[in-house]
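Here is the structure we will look at, set down as structure tokens.
The values are calculated or read from the model by the stated rules, or taken from the named source; none is laboratory data. Note that the structure is a prediction, hence the values are computed from the model and not measured. Note that each Cβ is placed from the backbone with ideal geometry, even for glycine, and that neighbours are counted across all protein chains shown.
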Amino acid sequence: MTNPKGRFGMYGGQYIPETLMNAVIELEEAYEHYKKDPDFQAELAKLFNEYAGRPSRLYFAEKMTVDLISLIAPTSAGRIAMIASEAKGFIYLVSSLGVTGTRSEITTDLGAIVKVIRENTSVPCAIGFGISNPEQAKKMADIADGAIVGSAIIKIIAEYGKESPAYVGEFTHQMKSAL
């Protein structure tokens with residue numbers, strides 16, 4: 001926007017072709033009119049947040065009708081409500097801190113985190129990261145909408161190679177039966 005003297009700052013003017021001047025003036029007048037409108041400001045803030053610079057992953061996911069899966073970690077305490085309220089698809093609740101892999105026990109208070117999630121969204125929540133046996137899967141499914149198992153299956157594949165489909169099938173059957 002120009003200052004009252006028609007300049008951009010103290011040095012510049014509007015350096016555009018004369019044929020575009022009427023359109024630029026019309027655009028400036030429209031902006032002056034709408035910039036005070038709260039609906040316009042909300043839409044503009046959303047566009048800046050989601051699209052300014054380059055298209056976000058969310059933009060591409062929505063175009064392909066794919067939901068981006070939001071992750072919530074035990075360290076997300078101050079952001080759980082915001083993440084949950086904006087989530088689509090389902091929420092992946094990370095069960096514990098550290099690197100991925102199987103765990104003998106999970107000590108994080110996941111029930112409290114799921115409670116905050118439920119207060120902010122109806123999007124399903126599944127717990128993963130370290131779930132490696134039917135008992136853990138049952139415990140997680142009792143707290144949330146599901147359990148996610150990854151590393152335990154990868155270990156089976158690594159151990160049995162080409163023979164692994166039968167072992168993975170048996171393992172997943174045991175996990176599902178526990179629920």
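Descriptive notes on the structure:
- The set of residues in the range 1-34 that are at pLDDT 85 or above and surrounded by fewer than 10 Cβ atoms within 10 Å (Cβ to Cβ) contains only N22.
- Of the residues screened, A45 is not one that is surrounded by 13 or more Cβ atoms within 10 Å (Cβ to Cβ) and either modelled with pLDDT under 85 or part of a helix (DSSP H, G or I) (or both).
- Note on the range 48-94: among residues that are in a helix (DSSP H, G or I) and acidic (D, E), the one that is modelled with the lowest pLDDT is E50.
- Residue in the range 124-140 that is touching a Phe, Trp or Tyr at 6+ places or on another chain (Cβ under 6 Å), at pLDDT 90 or above and not small (G, A, S) present: yes
- Filter result for E105 (surrounded by fewer than 13 Cβ atoms within 10 Å (Cβ to Cβ) and modelled with pLDDT of 85 or more): no
This table checks each residue for (1) modelled with pLDDT of 90 or more; (2) crowded, with 17+ Cβ neighbours inside 10 Å; (3) not assigned by TED's automatic domain parsing to the domain that holds K88.
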site	(1), (2), (3)
A144	yes, yes, no
G150	no, no, no
E159	yes, no, no
G169	yes, no, no
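- Taking the range 107-139 as the range and being within 15 Å of I72 (Cα to Cα) and either in a helix (DSSP H, G or I) or touching a residue at least 60 places away in the same chain (Cβ under 8 Å) (or both) as the test, the residues that pass are L110, G111, A112, I113, V114, K115, V116, I117, R118, E119, N120.
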